[in-house]
Amino acid sequence: MATPEVAQARRIVTEIPGPKSRALQERRRSSVAQGVSSALPVYVERAGGGIVEDIDGNALIDFGAGIAVTNVGNASPRVVERAAEQLAKFTHTCFMVNPYEGYVEVCEALNRITPGDHEKRSLLLNSGAEAVENAVKIARAATGRTAVVVFDHAYHGRTNLTMALTAKNMPYKQGFGPFAGEVYRMPMAYPFRWPTGPGDCGPEAARQAIDQITAQIGAQNVAAVLIEPIQGEGGFIVPGTGFLPELADFCRANGIVFIADEIQTGFARTGDMFACEHEGIVPDLITTAKGIAGGLPLSAVTGSAELMDAVHAGGLGGTYGGNPAACAAALAAVEEIESQQLVKRARAIGETMLGRLRAIADRYGIIGDVRGRGAMVAIELVAGADDHTPNPDALGEIVRYCHSQGLILLTAGTYGNVIRMLPPLVIGDDLLDEGLSILEEAFARL
Ligand SMILES: *Cc1c(COP(=O)(O)O)cnc(C)c1O
């Protein structure tokens, strides 16, 4: 099946959103629940490479990748071909009824590419939240303990347990309680906002977290420490150096399962296959989703055979988990990451983005921080050069301008003042530069 080539050039032929998108947005109001919102309501016709084309004929530069999902590009030909082949054979049997090879192959691939060369097992599910829920189930079953430790600014999903694990109230938790118990929140090593400055943030935050775990919960009661190695929705917070290794060591010494939530950071996004690799951390369990299957819904928990196999037969599963088409897509996506050397490409994208953004930040005091790794980069907007007060108003103006010029940009952050950039790893250098120039213009006009 031939996929239509999407021309790799920005093209703006109407206002953004255009008349057809505005009409659909109007229609949507009387059919779609308003609780689900859209960052930029241009309705999509097709997408590929670094471009998203809308139904009005505009071609937008994609700095979002559907929230770090289409790392290998949208409608990546290899992904489309393999998923289509599978769909024509069978669409579903339920792995818990009649299994199939694709599921086993994806587990083999995950066991191979995740950090650590120990004996591993994997479990496939549908969404990131479901993977996190299952990682907690496994950690509790394996340890016989109940407490779960999470961090300030964390995001782990929208189901009941994962809402409890997520830090931010609005919009994720407001009105949706009561939440699951035995969840304890610790300080995060957030260099830009650490009271004594970024220098010793990592070790100081680790010390505080470990002291609080010991004093308030008791290490012997903790089943798992759950953390995103770079926080996503929380604002692309790269923890101060040393924070993650100290936590991992503490977990190892106390029989606590260290779970890395790599749902946003995984699959080459940060310039390593997984973000944990940067500080040489081998998590006990790792949750993956988003970038795993080139846009098809799939998620996984991967971990040591000993932990994963601690759960009784029948204790894990789900009707759709490891859907055959999603598995075929995942195998194609991993092949694509490896054959196109997208880990290396993510590093190059990161160098370009960080370089340009730091140069822009030198000229505008409201850019308080430029941070990230690989193709996962953000800027945090503040009141001024010496005032770290969050500046969500400036963010609103910047993002509105970029959207109007056909640049898809996402926001993040506990204080709603972070612009995050997550281009597909197959974006061309020219589109990357053009997108960054639009962002630069936005600051110049502010
Ligand atoms: C997106 C995300 C989730 C939730 O994934 P869903 O597929 O939306 O359920 C969990 N953890 C992290 C770090 C995420 O970025």
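Here, each number is a calculation from the coordinates, and none is a lab measurement. This one's a predicted model, so the numbers in the text were calculated from it and none came from an experiment. Counting neighbours? That spans all protein chains shown, and the Cβs are built from the backbone with ideal geometry, glycine included.
Assorted remarks:
- Each peptide among 313-319, 183-189 gets the average number of other Cβ atoms lying within 10 Å of its residues, and from highest to lowest they stand as 183-189, 313-319.
- Distance between modelled label sites at ASN160 and GLU81, nm, 7 Å Cα→Cβ extension: 4.6 nm
- Amide H contacts of GLU53: GLU45, ARG46, ALA47, GLY48, LEU60, each under 5 Å away and 5 or more positions distant or on a separate chain (H built 1.01 Å from N in the peptide plane; Pro and chain starts excluded).
- Relative contact order of the range 301-446, taken over Cα pairs closer than 8 Å and 6 or more residues apart, is 18 percent.
- Options THR166, ALA205, GLY48, ranked by Cα towards positive dipole end of the chain, top entry (Cβ charges): THR166
- Gained length - GLN220 relative to ASP200, 0.36 nm times residue gap less alpha-carbon distance: 4.4 nm
- Largest-first ellipsoid semi-axes for the range 312-368, taking √(5λ) over the Cα gyration tensor eigenvalues, angstrom: 41, 19, 9
- Packing-based exposure ordering (other Cβ within 10 Å, fewest first) of ARG345, ARG46, ARG82, ARG252: ARG252, ARG46, ARG345, ARG82
- Fully extended contour minus Cα-Cα distance, from ALA444 to ALA253, at 0.36 nm per residue: 63.6 nm
- Contact order relative to length of the chain, as percent, for alpha carbon pairs under 8 angstrom and 6 or more apart: 22 percent
- Two-site label geometry, ALA141 and GLU45: point separation in nm, points 7 Å out along Cα→Cβ: 4.9 nm
- 222 nm mean residue ellipticity, helices alone, for the chain (DSSP H n ≥ 4; -39,500 (n - 2.57); rounded to 500): -11000 deg cm²/dmol
- Tensor-based shape of the range 69-146 (alpha-carbon gyration tensor, a/c under 1.5 rounded, otherwise prolate or oblate): prolate
- Expressed as a whole percent, the proportion of Cα-Cα pairs in the range 275-315 lying more than 16 Å apart is 54%.
- When the P(r) is computed for the range 1-104, the part past 21 Å accounts for 52% of the Cα-Cα pairs.
- Our summary gives the range 78-339 a relative contact order of 31 percent, counting only alpha carbon pairs under 8 angstrom and 6 or more residues apart.
- For the range 116-136 versus the range 289-309, the inter-centroid distance based on Cα atoms is 4 Å.
- Mean Cβ count within 10 Å, highest first, over the residues of peptides 328-336, 15-23, 142-150: 328-336, 142-150, 15-23
- Dipole magnitude of the chain about its Cα centre (Cβ charges: Lys, Arg +1; Asp, Glu -1), debye to nearest 20: 940 debye
- Taking N as the residue count of the range 78-339, its C-alpha radius of gyration divided by 2.2 N^0.38 Å amounts to 0.99.
- Tail weight of P(r) past 21 Å, computed on alpha-carbon pairs of the range 355-446, percent: 23 percent
- Length gained on full extension, ALA23 to LYS173: 50.9 nm, using 0.36 nm per residue less the C-alpha separation.
- Cα pair distances of the range 239-394 binned at 10 Å [whole percent]: 10, 27, 30, 23, 8, 2
- The charge dipole of the range 1-140, taken about its Cα centre with unit charges on the Cβ of Lys, Arg, Asp and Glu (plus for the first two, minus for the last two), comes to roughly 340 debye.
- Diffusion constant of the chain at 4 °C, which comes from Stokes-Einstein with the Kirkwood Cα-pair radius and 1.567 mPa s, µm²/s: 58 µm²/s
- The alpha-carbon atoms of the range 92-191 define a convex hull whose volume equals 163 cubic angstrom per residue.
- Positive-pole candidate from GLN405, LEU422, GLY321, dipole of the range 316-446, charges at beta carbon: GLY321
- Only Lys, Arg (+1) and Asp, Glu (-1) charged, at Cβ; the range 78-339 dipole about Cα centre in debye: 780 debye
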